[in-house]
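> Got a structure for you, questions after.
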Amino acid sequence: MLTLILVILAAVIFEYSNGFHDAANAIATVVSTRVLTPRQAIAMAAFFNFTGALVGGAVASTIGKGLVDTEVVTMTTVLSAVIAAFSWNIATWWLGLPSSSSHALIGGLCGAALAAASGDWSVIKWNEGMWPKVVLPMIASPIAGFVFGALFMFLLLIALHRFTPQFVHSLFGKLQIFSAAWMAHSHGTNDAQKTMGIITLALFTGTKAGSFDDWPRWLDFLKTPSFVLPKWVIALCAVTMAAGTAAGGWRIIRTLGHRVVKLQPVHGFAAETTAALIIQVASYYGIPLSTTHVISTSIMGVGAVKRFSGIRWTVVERIIWAWVFTLPATALIGYMLERAIGARH
C-alpha cells in the first residue's frame, strides 16, 4: 500500500508542477500583450485547464499502455518515472526554460521500464508507440507551430491592412481572451491526461499483480482489471492541474511572453489559435504532444512575420537545448531510480 500511496502522491505533485510549469503555455501571450492582468489570466487558465482535463482519454491510453510493455511495469517503475519527470520539471522551471513536461514523463517511463526489464530494449514499443506518437510529433509539431503561426499571421496582416491600428488592437484585445481560453482548454485536454494515464497504469499493474486482493472492501475502487480511466483519477488530475496553474509560473511566463519576441494582441491571437488547433488535433489522435514546443514555436513564427530580427535567438537556442536533452536526461534519471528503488523491493 505504501508504494501505491507514494505513486499517487508523486503523480499528483508532478501534475501540480505541470500546472505551474506549463501555465505560461496558455497565458504568456495574453499577459505580455496586457490584454489581461497576470492574476486574471491565471484564473482563466486554471478554469479552462480544468475543463480540458475532463475531456477525452486517448492521450492517457497512449501514456499508460502504448509506449512500454506493461508486463514489465511495477509500482516502483511508475514511481521512478514520475520522480524523474518531476525532477526535470523543477530544474527547468528554476532556470526559466519552457521544456516539455510530456517528454519528461515519457522519458522517465521509458528509462524506468528499460531498467525493470534489465536492459531489454524490446520493452519499448518503438514502431507502434514511440516513433509515431512521440519522436515524429516532437520533430513535426515545432515546425508546424512555426510555419502555421507565420502563415496565419501573414494572412491576418493581408486581411487587416485597410483597418487602423487602433481598431485592430481593440478587436484582437477582445478576441485574444477567447484564443487564450481555447489554448488553456487544449492544454488541459492533452497534458492532464498524461498523469491520468500514469496513475491508471499503476492501478492496473497493482490489480494484475494481486496487490489489492487482501485490502479492505472499501478500497475496491482502486482495482482496475482493465486499462480504463477511473472517474476519480480524472477528477483528481483535473483539480490538481487547475490548482498548479493557479499557482502560476512566472519565470517561464517571462521567458515566453517577453524575452522571445514582443507581441501585440493580434500576434498573441495568431500564436494561441495556431497552437490550440494543433494540440486539439493531437489530443484527438492520442498523441502526447509537447504543448510547450507548439506554443513556443507558434510565438516564434508569428514574431518572425512581425520582424524576423526581433526574435531573440539566444533565448531560442537555450529553449531548443532544453528540448533536446529532455528525453535522454529523464530516461537516464528514471533508469537509475528504478535500479536503486527496484533493487530494494
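> Which option, [x] 17.7; [y] 22.0; [z] 16.1, is the value of mean projected area of the Cα convex hull in nm² that was calculated from these coordinates?
After the calculation, the listed value that fits is [z].
> In terms of solvent-accessible area of protein heavy atoms at a 1.4 angstrom probe, what is the ranking of Leu95, Leu171, Leu160, highest value first?
Values: Leu95 105, Leu171 60, Leu160 30 Å².
Ranked from most to least accessible, the order is Leu95, Leu171, Leu160.
> If you don't mind, there's one more thing I want to ask. Going by accessible area, probe 1.4 Å, with all protein chains left in place, what is the ranking of Ser87, Ser101, largest first? Walk me through the intermediate numbers first.
Numbers: Ser87 50, Ser101 0 Å².
Sorted descending by solvent-accessible area, the residues read Ser87, Ser101.
> Would you mind putting 287-293, 5-11 in packing order, based on average other-beta-carbon counts within 10 Å, highest first?
Working: 287-293: 28.9, 5-11: 19.7.
Those peptides, ordered most packed to least, come out 287-293, 5-11.
> Rank Ala112, Ala192, Ala246 by mean-square fluctuation in a GNM of the chain with C-alpha springs under 10 angstrom and give only the top-ranked residue.
Ala246
> What does the helix-only formula give at 222 nm for the chain: each DSSP H stretch with n ≥ 4 adding -39500 (n - 2.57), the total divided by the residues, and the result rounded to the nearest 500 deg cm²/dmol? Write down the numbers at each step before the final one.
Working: 13 runs with 249 residues, N = 345.
Mean residue ellipticity, 222 nm, calculated: -24500 deg cm²/dmol.
> What is the magnitude of the charge dipole of the chain about its Cα centre, with +1 placed on the Cβ of each Lys and Arg, -1 on the Cβ of each Asp and Glu, and no other charges, expressed in debye to the nearest 20? Spell out each step's value before the answer.
Values: 22 positive and 13 negative charges, 238 e Å.
Roughly 1140 debye for the chain.
> So what does Ile158 come to for accessible area, using a 1.4 Å probe and Å² rounded to 10?
Number for this one is 90 Å².
> Here's a follow-up. How much accessible area does Trp232 have with a 1.4 Å probe, in Å² rounded to the nearest 10?
80 Å²
> Tell me which trypsin sites (Lys or Arg not before Pro) from the stretch 206-250 have a DSSP coil assignment and no more than 16 other beta carbons within 10 Å of their own. Write out the running numbers ahead of the final one.
On the way: sites: Lys208, Arg217, Lys223, Lys231; in loops: Lys223.
Of the trypsin sites (Lys or Arg not before Pro), the ones in loops of the stretch 206-250 whose Cβ has at most 16 other Cβ atoms within 10 Å are Lys223.
> Classify the stretch 164-223 from the C-alpha gyration tensor, please: rounded if a/c falls under 1.5, else prolate or oblate depending on whether a/b exceeds b/c.
Working: a/c = 11.69, a/b = 4.87, b/c = 2.40.
Taking the square roots of the gyration eigenvalues as a ≥ b ≥ c, the stretch 164-223 is prolate.
> A further question follows. Can you give the relative contact order of the stretch 87-211 as a percent, counting alpha carbon pairs under 8 Å and 6+ residues apart? Don't jump to the answer; show the numbers that get you there.
Values: 20 pairs, mean separation 22.7, N = 125.
Once normalised by length, the contact order is 18 percent.
> Give me the percent relative contact order of the chain, please, defined on Cα pairs under 8 angstrom at least 6 residues apart.
Numbers: 674 pairs, mean separation 133.5, N = 345.
The normalised contact order for the chain reaches 39 percent.
> Which links in Lys125/Lys223; Lys125/Lys306; Lys133/Lys231; Lys133/Lys208; Lys133/Lys223 stretch past 32 Å when you go from one Cα to the other?
Table pairs above 32 Å Cα-Cα are Lys125/Lys306.
> Find the accessible area per residue for the stretch 90-142; the probe is 1.4 Å, ligands and nucleic acids are left out, and the unit is Å².
Working: 2080 Å² over 53 residues.
I get 39 Å² per residue for the stretch 90-142.
> Turning to a different aspect of this structure: Within a Cβ distance under 10 Å of Gly66, other residues only, what is the Lys/Arg minus Asp/Glu net charge? Intermediate results must be reported in sequence, preceding the final value.
On the way: positive: Lys65, Lys125, Lys133; negative: Glu128.
Net charge in that neighbourhood comes out at +2.
> Kyte-Doolittle mean at least 0.0 and Cα extent at least 15 Å along the axis: which DSSP H helices of the chain qualify? Each step should come with its number before you reach the end.
Working: long enough: 2-21 (27 Å, 1.65); 38-53 (22 Å, 0.60); 75-95 (31 Å, 1.29); 101-116 (22 Å, 1.34); 136-160 (35 Å, 2.32); 165-208 (62 Å, 0.18); 231-247 (24 Å, 1.49); 265-284 (28 Å, 0.86); 291-307 (24 Å, 0.54); 313-342 (43 Å, 0.98).
Qualifying helices: 2-21, 38-53, 75-95, 101-116, 136-160, 165-208, 231-247, 265-284, 291-307, 313-342.
> Let me make sure I get this right: for the stretch 63-138, a, b and c are the square roots of the gyration tensor eigenvalues over alpha carbons, sorted descending. Under 1.5 in a/c it's rounded, otherwise prolate if a/b > b/c, else oblate. Which is it?
Numbers: a/c = 2.61, a/b = 1.40, b/c = 1.87.
Cα axes put the stretch 63-138 in the oblate bin.
> For the ranges 161-168, 278-285, what's the packing order if you count other beta-carbon atoms within 10 Å of each residue, average per peptide, and put the highest first? Don't skip to the end; give the middle numbers.
On the way: 161-168: 10.2, 278-285: 20.6.
So the order, starting with the most tightly packed, is 278-285, 161-168.
> Using a 1.4 angstrom probe on the protein heavy atoms only, could you order Leu109, Leu175 from most to least accessible area? It would help to have the intermediate numbers written out before the result.
Working: Leu109 0, Leu175 60 Å².
My answer, sorted largest first, is Leu175, Leu109.
The values are calculated or read from the model by the stated rules, or taken from the named source; none is laboratory data. Predicted model, so just to flag it, every value in this text is computed and none were measured. Positions of Cβ are backbone-derived with ideal geometry, glycine not excepted, and every protein chain shown enters the neighbour counts. Surface areas here come from the heavy atoms of the whole protein model, side chains and all, with no ligands, DNA or RNA. Shrake-Rupley method; radii C 1.70, N 1.55, O 1.52, S 1.80 Å.
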